[in-house]
Amino acid sequence: MYKAVVIGGSAGSFQVITKILSSLPKDFPLPVLLSLHRLKHVRSGFVEALSIKSKIPIVEPYDKETIKPGRGYLAPSNYHMYVELNKRIALSTEEPVNHSRPSIDLTFETAAQAYRDKIIGIILSGANRDGAHGLKKLKQLGGTAIVQDPNECQVRTMTEASLKLTSVDHIFTTQQIINFLLKLK
Amino acid sequence: MNKYELGIVDTRNIIKTLQDVYNYDFKNYALTFFKRRVEKVIQKYALKDADGFIKKIELEKEFFELFLKEICVDTTEMFRDPALWRILNDDMLTKLVNSTSNFKIWFPEVSTGEELFSISIILRKLNLLDKVSFIVSSVSEINLENIKNGYFDPKKIETNDVNFKRIYSESNLSDFYSFDGEKAQWDTSLIKNTKFIKQNIIFDDYPKGVRLILFRNHMIYYNQILQERFIKILYNCLIPAGHLIIGNNEKIEYWNSDKDYTLVNKSESIYKKKLS
């Protein structure tokens with residue numbers, strides 16, 4: 001059975017994330033790791049905005065916080081968010097990757113190493129190529145790779161970059177992503 | 001992009017080599033972090049694999065020093081998190097520094113020194129710099145040398161200038177550094193009251209009577225064992241009612257820690273040592 005979901009998104013992904021979070025039940029059985037590009041000087045507001053419609057609690061985790069099911073973990077602004085092998089969050093101010101901190105690639109890679117074949121990785125709308133390598137790694141380690149249908153994306157660069165590198169398990173619309181996650185219950 | 005990937009066994013062997021040859025104990029660094037840093041060094045110096053790394057580091061002391069520099073994560077930028085520096089400027093420093101004749105500020109682990117220069121600039125603008133002494137420690141001799149000389153990466157100038165304007169809209173950061181088109185350098189008179197200490201991972205010797213410690217975003221690279229050990233040492237160095245500032249998403253949390261520290265500002269992670 002799956003143990004975690006990791007989602008990466010950038011430009012055009014906010015509404016998709018909000019829709020997914022608002023559809024998940026309060027007792028959703030997995031943790032949801034969110035690595036989303038955001039303004040580095042705006043520290044507050046984002047987690048609150050995501051929380052408005054979400055039934056699961058969304059937090060910007062503290063360093064070394066234990067990952068628990070039924071919670072959303074949003075990478076804090078200006079930090080990378082990693083998963084340690086003991087399933088704790090680790091934060092980092094190491095150099096940006098592809099101009100991004102948080103880097104979706106790094107969250108996906110380390111989450112994949114921690115959860116191996118027990119993880120679902122989802123890449124959403126975005127205007128750069130971040131996430132493509134991370135999703136590839138996740139798939140190589142046995143995880144399930146999902147990409148939002150580029151035709152539905154506000155900006156399709158990120159999903160197309162992922163599809164180019166990885167033969168994914170599913171190309172889904174937002175509604176199909178939601179249906180897939182709800183079946184995990 | 002084929003990244004070299006270090007296995008867990010190789011990582012452990014490297015940790016053992018560093019311990020055996022140089023007596024530096026990295027086993028309580030966060031494992032994924034340590035592994036990633038070594039991978040980066042292996043790639044940067046074209047060492048092929050863990051064995052290549054081990055051979056080189058066993059033979060070359062200079063390479064070990066370079067490695068110590070690489071293990072330290074760049075502080076990223078001046079005035080990272082403007083809200084904190086505004087609190088220091090507006091509320092904390094004037095009151096605290098004026099309460100004593102010798103206000104000691106300690107930076108237990110510096111990499112590129114941005115926090116040291118940020119606070120020294122604030123203190124100069126408040127006309128308090130002469131009343132303060134700094135203690136700066138680092139595992140990396142190379143980093144300490146760069147800080148002493150005030151060198152910093154010119155690529156950071158733009159971000160630094162923008163951050164500075166968020167706090168001091170009426171003045172320019174360029175009053176405090178020089179840039180000749182190649183080399184960027186802080187005005188080193190900002191840090192003339194500074195003692196530099198090269199240290200091992202855990203200090204051999206640490207300062208006493210410290211009134212303020214800035215230790216932001218360093219413990220994130222340690223595991224919980226090393227985090228707790230650090231926090232306890234810092235506690236012993238602070239005077240009662242001294243302050244400790246850690247990173248926004250770091251927390252002091254060990255058994256009975258609320259007997260030692262009061263959290264005085266949650267969003268900026270400012271703690272105060274309790275009067276015992």
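Any read-out appearing in this document is the output of simple, stated calculations on the displayed coordinates, not a laboratory observation. As the structure is a prediction and not an experimental result, all values here were calculated from the model. Cβ sites come from the backbone with ideal geometry, for glycine too, and all protein chains shown count toward neighbours.
When the helices in chain A are scored as -39500 (n - 2.57) per DSSP H run of 4 or longer and the sum is shared across all residues, what 222 nm value do you end up with, to the nearest 500 deg cm²/dmol?
Mean residue ellipticity at 222 nm (helix-derived): -9000 deg cm²/dmol.
Evaluated at 37 °C with a viscosity of 0.692 mPa s, what Stokes-Einstein diffusion coefficient in µm²/s does the protein assembly as shown have when Rh comes from the Kirkwood expression over alpha-carbon pairs?
On the way: Rh = 23.4 Å.
Approximately 140 µm²/s, per Stokes-Einstein.
Take every Cα pair under 8 Å in region A:4-182 that's 6+ residues apart, average their separations, divide by the length, and report that relative contact order as a whole percent.
About 22 percent, as a whole number.
Quick one: grab Rg to one decimal and Dmax as a whole number for chain B, Cα atoms only, in Å.
Considering chain B through its Cα atoms, Rg and Dmax are 19.4, 57 Å.
Please go through the residue pairs A:K3/A:K139; B:K155/B:K266; B:K208/B:K274 and name each one whose alpha carbons sit more than 22 Å apart in this structure. Write down the numbers at each step before the final one.
Numbers: A:K3/A:K139 15 Å; B:K155/B:K266 32 Å; B:K208/B:K274 16 Å.
Beyond 22 Å between Cα atoms: B:K155/B:K266.
Just to check I understand the Karplus step: with θ = phi - 60° and J = 6.51 cos²θ - 1.76 cosθ + 1.60, what whole-Hz values come out for region B:200-212, glycine and proline as x?
After applying 6.51 cos²θ - 1.76 cosθ + 1.60, I find 7, 4, 9, 5, 7, 8, 10, x, 10, x, 7, 9, 8 Hz.
What's the longest uninterrupted piece of chain B once you rule out the GluC sites (Glu not before Pro) that are loop residues per DSSP with at most 12 other Cβ within 10 Å?
On the way: sites that count: B:E60, B:E170, B:E182.
For GluC sites (Glu not before Pro) (loop position, at most 12 other Cβ atoms within 10 Å), the longest site-free span of chain B is B:61-169.
Return, ordered by residue number, the residues of region A:133-167 whose backbone nitrogen is under 19 Å from a label point located 7 Å along Cα→Cβ of A:A127.
In region A:133-167, the label zone of A:A127 (backbone N under 19 Å from the point 7 Å along Cα→Cβ) covers A:150-162.
Anyone know which of A:S51, A:S92, A:S23 comes out most mobile in the 10 Å Cα GNM of chain A?
Comparing A:S51, A:S92, A:S23 in a Gaussian network model of chain A, the most mobile one is A:S92.
Give the long-range amide H neighbours of A:V59: residues separated by 5 or more places, or on another chain, with amide H under 5 Å away, using H modelled in the peptide plane at 1.01 Å from N.
Here A:G72, A:Y73, A:L74 satisfy the definition.
Would you kindly derive the ³J(HN,Hα) couplings of region A:54-59 from the backbone phi angles with the Karplus curve 6.51 cos²θ - 1.76 cosθ + 1.60 (θ = phi - 60°), listing them in order in whole Hz, with x for Gly and Pro?
So the Karplus estimates, Gly and Pro as x, are 7, 8, 8, x, 10, 10 Hz.
Assuming R0 = 22 Å, what is the FRET efficiency of B:A241 and B:D90, from their Cβ-Cβ distance, to the nearest 0.05? The partial results should precede the final answer.
On the way: r = 20 Å, r/R0 = 0.90.
Here the calculated transfer efficiency is 0.65.
Checking a compactness column here: for chain A, what do you get for Rg(Cα) / (2.2 N^0.38 Å), N being the number of residues?
Output field value: 0.90.
Could you give the semi-axes, largest first, of the ellipsoid that matches region B:121-276, computed as the square roots of 5 times the alpha carbon gyration tensor eigenvalues and rounded to whole Å? Numbers along the way, then the final one.
Working: eigenvalues 177, 69, 52 Å².
Square roots of five times the eigenvalues give 30, 19, 16 Å.
Quick one: Karplus J couplings for region B:138-143, per residue in order, coefficients 6.51, -1.76, 1.60, θ = phi - 60°, nearest Hz, x for Gly and Pro?
My calculation for region B:138-143 gives 7, 6, 9, 4, 4, 4 Hz in order.
Bin width 5 Å, alpha-carbon pairs only: give the P(r) of region B:161-240 as whole percents, running from 0 to the bin holding the largest distance.
With a bin width of 5 Å, the distribution comes to 3, 10, 14, 16, 16, 12, 15, 11, 3, 0.
How high is the relative contact order of region B:155-276, in percent, counting Cα pairs under 8 Å that sit 6 or more residues apart?
The value is 18 percent.
Taking only Cα atoms and a 10 Å spring cutoff, compute GNM fluctuations for chain A and point out the largest among A:K40, A:K19, A:K118.
A:K40
Evaluate the relative contact order of region B:42-197 (contact order divided by residue number), counting alpha-carbon pairs under 8 angstrom at least 6 apart; express in whole percent.
Rounded, it is 25 percent for region B:42-197.
Separation of region B:160-239 and region A:1-26 by C-alpha centroid, Å?
Using only Cα atoms, the two centres lie 38 Å from each other.
Considering chain A as a Gaussian network with a 10 Å cut-off on Cα pairs, which listed residue, A:S54, A:S103, A:S125, attains the greatest mean-square fluctuation?
The residue with the greatest mean-square fluctuation here is A:S54.
At R0 = 30 Å, how high is the FRET efficiency between B:N127 and B:E182 if r is their beta carbon distance? Nearest 0.05 is fine. Write down the numbers at each step before the final one.
Working: r = 33 Å, r/R0 = 1.10.
Here the calculated transfer efficiency is 0.35.
As a test of the formula, what do you get for chain B when each DSSP H run with n ≥ 4 contributes -39,500 (n - 2.57) and the sum is divided by the residue count, at 222 nm and rounded to the nearest 500 deg cm²/dmol?
One gets -12000 deg cm²/dmol as the mean residue ellipticity at 222 nm.
Can you give me the distance in nm between label points at A:N86 and B:Y4, each placed 7 Å from the Cα along the Cα-to-Cβ direction?
2.8
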